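We did not get these values from a lab; they are worked out from the coordinates using the rules stated. Everything quoted here is computed from the prediction, not taken from an experiment. Cβ coordinates were reconstructed from backbone atoms using ideal geometry, including for glycine residues, and neighbour counts include every protein chain displayed.
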Amino acid sequence: MKRSEERIPVAISSCLGGLAVRYDGKDKKDDAILSEFAPFFRWISVCPEVEIGMGIPREPIQLVQIEGEVRLRGVESEHDWTDRMTAYAEARAAWLVKIGVAGYVLKSRSPSCGVQTVPLYGAAERVPGMRDGLFAAAVRSKLPDLPVREETGLETRAGRLAFLEEVREYAAQV
Ligand code: SF4
């Protein structure tokens, strides 16, 4: 991939960036993504769960449907993080706009960061289909044209090239 002169601000789930911020105290560092895009992107690391004060390690959370609403709750405690995450996500998305972010690499299957890969649980069983995590949904609502990928969408060279081109085009417009 041809090197650009100025690196473009692109957000990334902190765990993919190598920070040990997951619920189990580990990371999900993706060396291929980090090294391949290093000449082009200036990474903006974001971990919504840590930034709303959930701590490390922490109880796993999940999306649960309650009276027709999607809620973000602790798996065992059923502590409800929805309102705090929603308020945080709106503020963070506005900040991402302000700094001119031109892309986002998000962690798959996370109830906060996942993009159409997150299960939703009903009272008795899973609700059919997959959804966005609560944070990802807010970002995508605020920035509907922002190039977004989960790490799984960047496993091939063709996938990475396509994302780079999308990010460059987006950056040229903002
Ligand atoms: S998936 Fe998102 S919320 Fe979960 S550890 Fe990674 S950055 Fe934090």
Looking at the square roots a ≥ b ≥ c of the eigenvalues of the Cα gyration tensor of the stretch 77-133, which shape do they give, rounded for a/c under 1.5, prolate if a/b is larger than b/c, or oblate?
oblate
May I ask you to derive the relative contact order of the chain, considering only C-alpha pairs under 8 Å and at least 6 residues apart, and to give it as an integer percent?
21 percent
Neighbourhood charge, 12 Å Cβ-Cβ cut-off, centred on residue 82 and excluding it, Lys, Arg +1 and Asp, Glu -1
-1
Provide the percentage of antiparallel DSSP beta bridges, counting only those with both residues in the stretch 8-173; round to the nearest 5.
45 percent
In which sequence would 44, 66 go, from the one with the fewest C-beta neighbours within 10 Å to the one with the most?
66, 44
Short version: ³J(HN,Hα) in whole Hz for each residue of the stretch 95-107, in order, from phi by Karplus 6.51 cos²θ - 1.76 cosθ + 1.60 (θ = phi - 60°), x for Gly and Pro, what are they?
5, 4, 4, 4, 8, x, 4, 10, x, 8, 10, 10, 6
Karplus-derived HN-Hα couplings along the stretch 29-46 (A = 6.51, B = -1.76, C = 1.60, θ = phi - 60°), whole Hz, x at Gly and Pro:
3, 10, 4, 5, 5, 4, 6, 5, 8, 3, x, 10, 10, 9, 6, 10, 8, 9
Considering the chain, what Rg and Dmax in Å follow from its alpha-carbon atoms?
16.2, 54
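With +1 on each Lys and Arg Cβ and -1 on each Asp and Glu Cβ, how big is the dipole of the stretch 8-173 about its Cα centre, in debye rounded to the nearest 20?
340 debye
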Distance-filtered residues of the stretch 30-46 - backbone nitrogen under 13 Å, label point 7 angstrom along residue 6 Cα→Cβ
42
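Rounded, prolate or oblate, given the Cα gyration tensor of the stretch 127-174, with a/c below 1.5 counting as rounded? Don't skip to the end; give the middle numbers.
On the way: a/c = 3.44, a/b = 1.29, b/c = 2.66.
Verdict is oblate for the stretch 127-174.
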Quick one: which residues, 5+ away or cross-chain, put their amide H under 5 Å from the amide H of residue 8? H built at 1.01 Å from N.
41, 42
A chain fully extended from residue 56 to residue 125 at 0.36 nm per residue, minus the present Cα-Cα distance, gains in nm 22.0 nm
Helix 157-173 against the longest principal axis of the chain: what's the angle in degrees, Cα atoms only, rounded to the nearest 10?
80 degrees
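Going by the alpha-carbon gyration tensor, a ≥ b ≥ c the square roots of its eigenvalues, is the stretch 92-174 rounded (a/c under 1.5) or, if a/c is not under 1.5, prolate (a/b greater than b/c) versus oblate?
Numbers: a/c = 3.19, a/b = 1.56, b/c = 2.04.
Oblate, because a/c is 1.5 or more while a/b does not exceed b/c.
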In a Gaussian network model of the chain with springs linking alpha carbons closer than 10 Å, the residue among 125, 76, 49 that fluctuates most is 125
GNM on the chain, C-alpha springs below 10 Å: top fluctuator among 129, 153, 68?
68
Output ³J(HN,Hα) for the stretch 140-154: one whole-Hz value per residue in order, computed from phi by the Karplus curve 6.51 cos²θ - 1.76 cosθ + 1.60 with θ = phi - 60°, and x for Gly and Pro.
5, 6, 6, 10, x, 9, 4, x, 10, 9, 7, 4, 5, x, 10
